[in-house]
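The values are calculated or read from the model by the stated rules, or taken from the named source; none is laboratory data. Only a predicted model underlies this, so the values are computations on that prediction, with no experimental measurement involved. Backbone-built Cβ (ideal geometry, glycine too); neighbour counts: all protein chains shown. The accessibility values were calculated without ligands, DNA or RNA, using every heavy atom of the protein model including side chains. Shrake-Rupley method; radii C 1.70, N 1.55, O 1.52, S 1.80 Å.
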Amino acid sequence: MINLETPKKFRPLIGQAHQVAVNLLRPNSRKYDLLEHAYPIELDMLAAMIDGMSDSGASTGAGASGVRRSEEEPEDDRVKNGSNLASVLSIIEMCWGDVGLLLSMPRQGLGNSAIASVANDEQHERFDGLWASMAITEPGTGSDSANIATTAVLDGDDYVLNGEKIFVTAGDRCDAVVVWATLDKDLGRAAIKSFVVPKGTPGMNVERLEHKLGIRSSDTATIRFEDCRVPKDNLLGSPDVDAQQGFAGAMATFDNTRPLVAAMAIGCARASLELTKDLLEDSGVTIDYDRPALTQSAAAAAFLQMEADWEAAYLLTLQAAWMADNRQPNSLEASMAKAKAGRVGSDITLRCVELAGSIGYSEHDLLEKWSRDSKILDIFEGTQQIQQLIVARRLLGKSSADLK
Ligand SMILES: Cc1cc2nc3c(=O)[nH]c(=O)nc-3n(C[C@H](O)[C@H](O)[C@H](O)COP(=O)(O)OP(=O)(O)OC[C@H]3O[C@@H](n4cnc5c(N)ncnc54)[C@H](O)[C@@H]3O)c2cc1C
């Protein structure tokens, strides 16, 4: 039987995340949207609280660092609701509060997910407590991440990195950057590896910060690497170039991070839906769940359609995270969730602006901000179109060379 209830054991976590969203993220949402590039100091206190909760064992997998897959055989055949699902559920709540501030949370960067996903046990311990951003994109490489030009050359006990990374979320504020670089461009995608580069390493420099449409409280950096030396033990996973495995090692990160980004879109869209529902009801529009949408007002019908789309994105996202917790391959489901939630998130938040008219467009409320914030969730960690391509390849059994 399918049980669509939220697992009971996560209810306290969801409640805590919601309280943080209500009391800390929402009240600071507009402030840091206007103060682009100012560091949200309020988050330091929150990070300390989360660290305390993790240390005491009171919270597991509340953020991006919790998406580690267990290598051990499960003790029995029972299904598991683990840290991937916990992360998704708490991120939904936090992004109901504010997406940009969630992306600015110390020690919860997408680089932390990469470390959690592919680091060995020794690295996992060594990099524990770092705030890590993720640097894949380059001036000549966006969606086509197999085309990475940043190089890593082994020299003694170090790799020497050279190249430029752009649009690095939390790239200025983080403690370390997880950098994708190629060991040998001639060997293709199998030679792409990720390296943890701590901040302050000579040769790594933040060159500038972007001004953006949305998530303006989150810093987005351009970082240059010039003869930047990192210990060879900072290569995440295996240094071997395995042409059979191809890109699979590096791509494993995405199976865990795409549901997290989908969760961000779902949280932000839920915020828009809830406020819009209140505004519609205040202006006399009744939404009746017992009558067909087409027999109701156009606004009510539009709202019901949006809620149905939202629910589909929500369930796909829970499924992808749940599969990761239960050690099931989930690349297809992670891409489905990201494609659906990214699109639905953008559509819903913009449609809510439309339904609320001038209230939706003005800065008195947050509807206009949510429509700006949600667009990036349809772009980073692989655009909607790229997710659709991955889904098509998997369903049709085509390789990336067959279907471009
Ligand atoms: C605010 C922000 C934060 C970001 N944070 C990070 C980060 O932390 N780390 C990081 O590494 N990157 C980050 N990025 C970069 C982001 O991941 C890329 O922008 C994204 O991968 C798309 O790459 P691109 O911008 O080069 O677009 P392109 O790849 O040039 O794509 C342009 C358009 O063409 C479409 N397209 C491309 N190829 C195909 C195809 N084969 N079939 C159909 N359509 C296609 C795309 O879907 C898109 O609509 C961030 C970007 C932004 C704006």
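Taking one equal scatterer on every alpha-carbon of the range 101-165, how large is log10 of I(q)/I(0) by Debye at q = 0.19, 0.26 1/Å? For the range 101-165 at q = 0.19, 0.26 Å⁻¹, log10 I(q)/I(0) is -0.96, -1.11.
Between Ala170, Ala21, Ala356, the residue with the greatest mean-square fluctuation in the GNM of the chain (Cα pairs under 10 Å linked by springs) is Ala356.
Centre-to-centre separation between the Cα atoms of the range 199-213 and those of the range 300-341: 34 Å. The count of lysine pairs in the range 147-221 whose Cα atoms are under 20 Å apart, excluding pairs fewer than 8 places apart on the same chain, comes to 5. Among 6-12, 336-342, the peptide with the highest mean count of other Cβ atoms within 10 Å heads the list, and the full ranking is 336-342, 6-12. Placing a pseudo-label 7 Å from each Cα along the Cα-to-Cβ vector at Glu5 and Asn147 gives an inter-label distance of 5.1 nm. Restricted to Cα atoms, the range 271-330 shows a radius of gyration and a Dmax of 15.7, 48 angstrom. Taking the helices alone, the chain has a mean residue ellipticity at 222 nm of -15000 deg cm²/dmol, built from -39,500 (n - 2.57) per DSSP H run of at least 4 residues and averaged over all its residues.
Expected output is a single nm value to one decimal: the length gained when fully extending between Val241 and Ala392, i.e. 0.36 nm times separation in residues minus the C-alpha distance. What is it? Working shown, then result.
Values: separation 151, 0.36 × 151 = 54.36 nm, distance 2.72 nm.
So the chain would gain 51.6 nm between Val241 and Ala392.
In whole percent, what relative contact order does the range 352-404 give with Cα contacts below 8 Å and a gap of six or more residues? Worked out over the range 352-404, it gives 17 percent. When the Cα positions of Ser238, Thr222, Leu187 are compared along the charge dipole of the range 169-252, Thr222 comes out farthest toward the positive end, with charges on each C-beta of Lys, Arg, Asp and Glu. Going by accessible surface with a 1.4 Å probe and the largest first, Glu368, Glu274 read Glu274, Glu368.
Taking a Cβ cut-off of under 13 Å around Met264, the surrounding Lys, Arg, Asp and Glu residues balance to a net charge of -1, with basic ones at +1 and acidic ones at -1.
What separates the Cα centres of the range 7-25 and the range 345-404 is a distance of 25 Å. Using a Gaussian network model of the chain in which every pair of alpha carbons under 10 angstrom is joined by a spring, one finds that among Gly163, Gly52, Gly82 the greatest mean-square fluctuation is at Gly52.
For a test of the definition: using alpha carbon positions, the gyration tensor, and the 1.5 limit on a/c, classify the range 139-283 as rounded, prolate or oblate.
On the way: a/c = 2.86, a/b = 1.86, b/c = 1.54.
Verdict is prolate for the range 139-283.
Amide H contacts of Asp158: Lys232, each under 5 Å away and 5 or more positions distant or on a separate chain (H built 1.01 Å from N in the peptide plane; Pro and chain starts excluded). A straight Cα-to-Cα reach below 18 Å connects Lys9 with the aspartates and glutamates Glu93, Asp325, residues fewer than 8 places away in its own chain not being considered.
Of the peptides 134-141, 374-381, 294-301, how do they stack up when ordered by the mean number of other Cβ atoms within 10 Å, highest first? Show your work: numbers first, answer last.
Details: 134-141: 20.6, 374-381: 23.8, 294-301: 14.0.
Packing proxy ranking, top to bottom: 374-381, 134-141, 294-301.
Give, as a single signed number, the net charge of other residues whose beta carbon lies under 14 Å from the beta carbon of Ser399, with Lys and Arg counted +1 and Asp and Glu -1. Value of the local net charge: +4.
Can you give the charge dipole size of the chain about its Cα centre, rounded to the nearest 20 debye, using +1 on the beta carbon of Lys and Arg and -1 on the beta carbon of Asp and Glu? Working shown, then result.
Details: 40 positive and 58 negative charges, 136 e Å.
It comes to approximately 660 debye.
Just to be sure I understand: with springs between alpha-carbon atoms less than 10 Å apart, which residue in Ile386, Ile14, Ile266 has the highest mean-square fluctuation in the Gaussian network model of the chain? Taking springs between Cα atoms under 10 Å, the residue moving most is Ile386.
Projected label points at Gln385 and Asp184, each 7 Å from Cα along the beta carbon direction, are separated by 3.4 nanometres. Using every pair of separate Cα atoms, the Kirkwood estimate puts the hydrodynamic radius of the chain at 21.8 angstrom. Based on Cα contacts under 8 Å between residues 6+ apart, the range 164-240 shows a relative contact order of 38 percent.
On average, how much accessible surface per residue is there in the range 171-230, in Å², for a 1.4 Å probe, leaving out ligands, DNA and RNA?
Values: 2380 Å² over 60 residues.
Per-residue value: 40 Å².
Under unit Cβ charges (Lys, Arg +1; Asp, Glu -1), what dipole magnitude, rounded to 20 debye, does the range 68-190 have relative to its Cα centre? Before the final figure, lay out the partial values.
Values: 10 positive and 22 negative charges, 106 e Å.
Computed charge dipole of the range 68-190: roughly 500 debye.
Histogrammed with a bin width of 10 Å, the alpha carbon distances of the range 234-383 distribute as 12, 34, 28, 16, 7, 4, 0 percent, first bin at zero.
Which helices, taking whole DSSP H runs in the chain, have alpha carbons extending 20 angstrom or more along the helix axis plus mean Kyte-Doolittle at least 0.0? Show your work: numbers first, answer last.
Working: long enough: 42-56 (22 Å, 0.36); 83-97 (21 Å, 1.09); 248-282 (52 Å, 0.34); 298-325 (41 Å, 0.60); 331-361 (41 Å, 0.26).
Qualifying helices: 42-56, 83-97, 248-282, 298-325, 331-361.
Looking only at the chain, where both bridge partners belong to it, what percent of the DSSP beta bridges are antiparallel (to the nearest 5)?
On the way: 29 of 34 bridges.
Of those bridges, close to 85 percent are antiparallel.
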